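Below are the C-alpha cells for one structure; questions will follow.
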C-alpha cells in the first residue's frame, strides 16, 4: 500500500499557519509546515511532498523564487500559491512560473480544501495546464473556520463572488487605503454601492485586516429573511419561545462574538427590529427571543445597503438615530463603469479561473471584445461581468474570446438586448391617464407585474429597472399571495 507524502504548508503568519494546518488535518491530510523559505526548502527535500501550499510573502525570500527552485528539483510537484497581496500581474507571473492554483487571502475552507483535493486528484491524471488556462485570483474571500453555526446556515450567507477586488484603478486604490485605515479601529463601517459592486467582499476585507481576523465573520442579509423570523435570526431564541422553537438557537449577533457581524441590506430591516438593534449597539448585549436575561457579546458591526441611507431616513424607512449610530465610517463601492480598465483585469482573471473549472482553455479577450467591455454600462456591475464570462466559458470550447461568443444580452453596445416592438411603452400621457382613479397599491402592482412580464419573470432584472432591491420585490410578490 502506497503512503501519500504529507502536504507541505509554507506560511509565515503563525495564526494562519495554525488555522490552515487544523483545516487540513481535520480533512484527513497529513501536513508538514514551515515558516520561512529556508525551512520550507529543507522540509521539501526531506518530506518528498508532492503538493505544496506556498505563501508568496516570506520573511527571508520571495516565494516565487522558492517555487522555481522546487520545480527545478522536482518538476512534477504541484504548487498552490497563497498570498494576501495578489494582483493580476502577480498571479500571471506565478502561473507562468508553474503554479497549479492561485488563492488570495482570505479564502473559505471549502475553496481551500477543494484546491488541495483538485491538486491531489489531478496528480494521477494531470498534465500541467497552460498559463492561459490557470486558475487566477481565487476571490471568494472568507475567513478561517468555524464561521457559521450549523443551525444558522439556511439564512446566513458567505461571500462567493470573485473579481470585486481585482483591479488597479485609482477608485479601487482609494478603497483599499480606506479599508486598511479603518480595519485597525472598532468603528462601525457603513458600505454603500450599487448591487453587484462587492459590498460583502469589502466588509470581509475590513474584517480580515483587523485584529478580529481569526474570529468569525457572520453575514446576514436583512432583506432575505421574513420579517417574523428576523429577530430570531439576529438575536436567537430559546427552546419553546414560539411554535417551532424546538431547541435553543444562537442568533447572528451571538455567533459573531469575537468577530464581525455584517448586516447586508440594512435599510430593509423592519422598524421594530431597528429599535432592538439600536439597543444592542448601545449595550453590546443580546437578548434571545424568550430569554429572561441579556447576554454580553463582543462584536464589530459592518453594514451595507444599495440604497441611499439618508434618503431612507427622510422617507421614514430607516430610523434617524440608528443611521447616525451606524454611519461612522462610510465606504462607497464604485460602480464597474467607473473603474476604467478594471473591467478587463476582472474579465481576464475570471476567464482563466472558469476555464480551469470547466476543463477548457481560453486565450484571452479579443481587442473587439475588450473595447466593447470598456463601453458597456454594466448595470449589474462585477456580478454581471462574472456571469457573462461564465456564460462564454460554458457555451464555447475555447480560444480567443470574440464578439460572436458573447451572450445576446450584451452583444450590442447598450448592454441589453432591444425590447420586442410588442413591449414598446405607450405614450406617457396616455399611460398616466389610464391609471388615474386607481389605488396606489394597485398601480404599483400593475407596474411591477408589467415589468416582470417584460423581463420574462426575472426578479433581479425587474428590480434593477424599478430601482428596488430584489428582496423587496420578492416580499411584495409574496404579499400578493396572502
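Between residue 211 and residue 188, what length comes free when the chain is fully extended (0.36 nm per residue of separation minus the Cα-Cα distance, one decimal in nm)?
Value of the extension gain: 6.8 nm.
Have a look at the DSSP beta bridges in segment 232-332 and tell me what percent are antiparallel, nearest 5.
Antiparallel bridges make up about 45 percent of those DSSP assigns within segment 232-332.
With a 10 Å Cβ neighbour count serving as the proxy for reagent exposure, in which order, fewest first, do 323, 20 appear?
Going from least to most buried by this count: 323, 20.
Enter the Cα centre distance for the pair segment 269-301 and segment 447-482, rounded to the nearest angstrom.
Cα centroid of segment 269-301 versus Cα centroid of segment 447-482: 32 Å apart.
Next up: When the distances between all Cα atoms of segment 298-415 are binned every 10 Å from zero, what whole-number percent does each bin get?
The percentages, shortest bin first, are 12, 36, 21, 17, 13, 2.
Return a whole-number percent for the relative contact order of segment 336-410, with Cα pairs under 8 Å and 6 or more residues apart as the contact set.
It comes to 40 percent, rounded to a whole number.
For segment 150-332, treating each Cα as an identical point scatterer without solvent, what Debye log10 I(q)/I(0) comes out at q = 0.08, 0.13, 0.16, 0.20 1/Å?
-0.24, -0.64, -0.97, -1.49
In what order do 455, 318, 262 fall by count of nearby beta-carbon atoms within 10 Å, going from fewest to most?
455, 318, 262
From the Cα gyration tensor of segment 1-42, with a ≥ b ≥ c the square roots of its eigenvalues, which class applies: rounded if a/c is under 1.5, or else prolate if a/b is larger than b/c, or else oblate?
Because a/c hits 1.5 or more and a/b fails to exceed b/c, segment 1-42 counts as oblate.
Can you give the extra length, in nm with one decimal, that the chain gains between residue 170 and residue 387 once fully stretched, where that is 0.36 nm per residue apart less the Cα-Cα distance?
75.6 nm
Would you calculate the convex hull of the Cα atoms in segment 282-345 and tell me its volume per residue in Å³?
157 Å³
Right, next: Between residue 4 and residue 396, what's the calculated FRET efficiency when r is the beta-carbon distance and R0 is 41 Å? Round to 0.05.
0.65
Order by neighbour count: 207, 237, fewest other Cβ atoms within 10 Å first, most last.
237, 207
Regarding segment 228-329, what's the average projected area of the Cα-atom convex hull, expressed in nm²?
Mean shadow area of the hull around the Cα atoms is 6.5 nm².
Here, each number is a calculation from the coordinates, and none is a lab measurement. For clarity, every value in this text was computed on a predicted model and none was experimentally measured. Cβ sites come from the backbone with ideal geometry, for glycine too, and all protein chains shown count toward neighbours.
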